[in-house]
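The next block holds one structure in the form of structure tokens; read it before the comments.
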Amino acid sequence: MLRSQGDAVDAINPSVELTEAERIDRLRLIRSDNVGPRTFRSLVDHFGTARAALERLPDLARRGGAQRSGRICSADEAKAELAASRKFGIAWLAPGEDGYPARLAMIDDAPPLLAVRGDTKTLMRPIIAIVGSRNASGAGLKFAGQLARELGEVGFVIISGLARGVDQAAHRTSVESGTIAVLAGGHDCIYPPEHGDLLGSILDHAGAAISEMPLGHEPRARDFPRRNRLISGAALGVVVVEAAHRSGSLITARMAAEQGREVFAVPGSPLDPRAAGTNDLIKQGATLVTEAADIVNALQPIMERPPMHPVGEPDSDPFESDPQGHDRDQITGLLGPAPISIDDLVRMSGASPAIVRTVLLELELAGRLERHGGGLVSLLK
């Protein structure tokens, strides 16, 4: 018998409330060229505010080798996007604000602003992700629905990606108890389109939908891994029901492990290729799941202790004011198309971590650097 948790709230208290001016500045910065969530965080940590960071973008990009400054989102553009979003029932929330999923705020590439529709209270409750194959078996769909229903009955909110197959089964079964849809595109660009009715039902029953994309953004292939990090980041753990080799669900499981989340996998027949990925996860140490109690028992101790920030780049003063030219040349020379860790760059270059991070930031703002998971970077051609 699973113990009911009622209307439990994830034990991380929000304490932030942006002014309208700060929200506009944040949106301008994240919508500017070559500024991703990690770069946004580094800039604001160093310069203090998004507005101060905006003023420094052209100089940093020039130092990184940009021939011309990238586009900087204007205040009028940001105001227009916020106004259009409000008409659509969307609130753009910053980490720490009420309604921003508490655990998502703690990953190192958390969206600086998150577009939220629906009941924000649902987003503050304990969350579990259920993901799996789009081409799921009948047994996989049934079990995903069973898990979602039983976890909902004991107080958990189910988060998933609104995709066909396992995602859809998890959402539909947890509509009444609380579910969150994570979108790869803008809130007005639902994929797949036939799940518009499912999203409507989620929102009508005190559920929620989240995205980091602007209205009008049609999801592309590269947007789905970005979406997946939100699914795993917002959750206490990720349950994979069915997944073939090279499945997108395995990307979600990998991201969950990198974020310090629990990874659960439902075993399947060795003869079914849709179970190959989940069986491999179990071999790699994922918790085997045959009933909801397996998940609840594993998560109970985690819920009873405060969460920790993920291991990543330090938040405090990560920059050197103006690295010397020979440092830039040496660090850039060590970079190539193959990803390399920042720690290795520090060791090989002999430069301080502050200098290495500054040069990498300059290269990124110049559009010459790509960041990968696990603190890896590579040089774009």
Q. Given the conditions (1) open to solvent by 10 Å² or more (accessible area, probe 1.4 Å); (2) within 30 Å of Ala298 (Cα to Cα), which single one is not true for Arg28?
A. (2)
Q | Output for region 254-267, where each listed residue is open to solvent by less than 30 Å² (accessible area, probe 1.4 Å) and among the small types (Gly, Ala, Ser) | A | Ala256, Ala265
(Q) If the requirement is being in contact with a helix residue (DSSP H, G or I) (Cβ under 7 Å, 6 or more places away or on another chain) and open to solvent by 10 Å² or more (accessible area, probe 1.4 Å), which of these qualifies: Leu250, Leu230, Leu236? (A) Leu250
Q: Working only within region 3-25, note down all residues that are at pLDDT below 65 and surrounded by 16 or more Cβ atoms within 10 Å (Cβ to Cβ).
A: Gln5, Asp10, Pro14
Q. Mind checking which residues of region 204-231 are of a type in the set (Gly, Ala, Ser), closer than 18 Å to Ser177 by Cα and either at pLDDT below 95 or assigned to a loop (DSSP other than H, G, I, E, B) (or both)?
A. Ala206, Gly207
Q) Among all residue pairs at least 6 apart or on different chains, which show Cβ distances below 9 Å where the first residue, located in region 176-188, is hydroxyl-bearing (Ser, Thr, Tyr) and the second is crowded, with 21+ Cβ neighbours inside 10 Å and in a loop (DSSP other than H, G, I, E, B)? A) Ser177/Phe156; Thr179/Gly207
(Q) Quick check on region 164-209: of everything there that is among the polar types (S, T, N, Q) and within 22 Å of the chain's Cα centre (by Cα), which residue is surrounded by the fewest Cβ atoms within 10 Å (Cβ to Cβ)? (A) Gln168
Q: Read through the list (1) modelled with pLDDT of 95 or more; (2) of a type in the set (Ser, Thr, Tyr); (3) open to solvent by 20 Å² or more (accessible area, probe 1.4 Å), then give the number of the only condition that Ser69 fails.
A: (1)
Q. crowded, with 17+ Cβ neighbours inside 10 Å and polar (S, T, N, Q), is that true of Thr39?
A. yes
Q | Residue list for region 98-120, filter: part of a loop (DSSP other than H, G, I, E, B) and farther than 16 Å from Phe40 by Cβ | A | Asp98, Gly99, Pro101, Ala102, Arg103, Asp119
Q. Of the residues that make up region 132-139, is at least one within 27 Å of Pro58 (Cα to Cα) and of a type in the set (A, V, I, L, M)?
A. no
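The values are calculated or read from the model by the stated rules, or taken from the named source; none is laboratory data. Just so it is clear, the model here is predicted, and its values are computed rather than measured. Quick reminder, even Gly has a Cβ in these numbers, built from the backbone with ideal geometry, and neighbours come from all protein chains shown. With ligands, DNA and RNA removed, areas are computed over all heavy atoms of the protein, side chains included. Shrake-Rupley method; radii C 1.70, N 1.55, O 1.52, S 1.80 Å.
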